[in-house]
Amino acid sequence: VASVDQGELGWTQNIGSTNGAAKRPATRESIYPIASATKMVTGFMLLQLVERGSVHLADPAEKYVPEVRQMHNPYPWAPSITLMQLATMTAGMQAGIAIPEDKRAAFNAATTWEEAIAIVIPSFKYQYEPGTVNRYSNAGYAILGLALSRAAKRPFADYVRTEILEPLGMRRSGFSISADMQPHVARGYALNKADSRGQIPWVNPNKDLLLPAAGLLTDVGDLAKLMRFQMLGGHETVLS
């Protein structure tokens, strides 16, 4: 738990442990997956690419992700979904992501996140007519992340690290666990399993289909920097 005062990290309180077996206490340096708070960073990437003239909010997603055309679409009369609709969750997309059995071999052979998600996207479905409702969708953010990666001509995780995290001073954040981060990463435990041994999250970012939706790991200090940027700005190299 932490409070941020005038943009600076102030009081912090650490509760519990990050490794039950080792009885390692949580500290201010402990690193956790921030799950869907990752979507904010993906939103920054979208706005950054708009400012740099690489994309427009009204661009159809299929301009960058033609795999979208293969998705099951019971609303053929609707206009093509846009980057803005994906970002605001009004594209009518399904909520979650699963790997179809007939795609599993190809998915397992993929060596990058971009390759892996491109294999799965054609199996996505529209659950609502695009532009008519707002429904939470990790699948939509997966498409958005791939579109932005292709527009930037760089891997999604690499772009976010060098163009957003590092300029904001978020050097204890990332989509993979580096050697220096390893001792600080909190293990996750299943509350419905008495013998849960604790799992390290996001072991293979290349196969984490939710990467732009929920893949970021960070600590409370870096999260405070993200909060400061959102509320006070001051990093024009990230967003004007």
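Computed values, structure above
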| quantity | calculated |
| --- | --- |
| Cβ-defined net charge surrounding residue 14, 12 Å radius [Lys, Arg +1; Asp, Glu -1] | 0 |
| Hits among lysines - C-alpha to C-alpha of residue 207 under 17 Å, sequence gap 8 or more where chains match | 103 |
| Extension reserve of the residue 78-residue 166 stretch, reckoned as 0.36 nm per residue once the Cα distance is removed | 27.7 nm |
| Compactness relative to 2.2 N^0.38 Å, alpha carbon Rg of the stretch 46-168 | 1.05 |
| Cα gyration tensor shape of the chain, rounded if a/c is under 1.5, else prolate or oblate by comparing a/b with b/c | oblate |
| Förster radius 41 Å - calculated FRET efficiency between residue 6 and residue 99, Cβ distance, rounded to 0.05 | 0.35 |
| Within straight-line cross-link reach of residue 63, lysines at Cα separation under 17 Å, skipping those fewer than 8 residues along the same chain | 153 |
| 24 Å Cα-Cα reach of residue 23 towards lysines, excluding residues that sit fewer than 8 places from it in its own chain | 193 |
| Cα gyration tensor category, rounded, prolate or oblate, for the stretch 127-213 with a/c compared to 1.5 | oblate |
| Amide H contacts of residue 18 (H built 1.01 Å from N, under 5 Å, at least 5 apart or other chain) | 24, 26 |
| Alpha-carbon centroid distance for the pair the stretch 200-240 / the stretch 73-99, whole angstrom | 24 Å |
| 13 Å reach of a label modelled at residue 153, 7 Å along Cα-to-Cβ, counting backbone N of the stretch 35-54 | 54 |
| Expected 222 nm ellipticity per residue - DSSP helices of 4 or more, -39500 (n - 2.57), all of the chain, to 500 | -8000 deg cm²/dmol |
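Quick note: the coordinates plus some simple rules give every number you see, no bench work behind them. In this text, all values refer to a predicted model and were calculated from it rather than measured experimentally. Glycine gets a Cβ as well: all are built from the backbone with ideal geometry, and neighbour counts include every protein chain shown.
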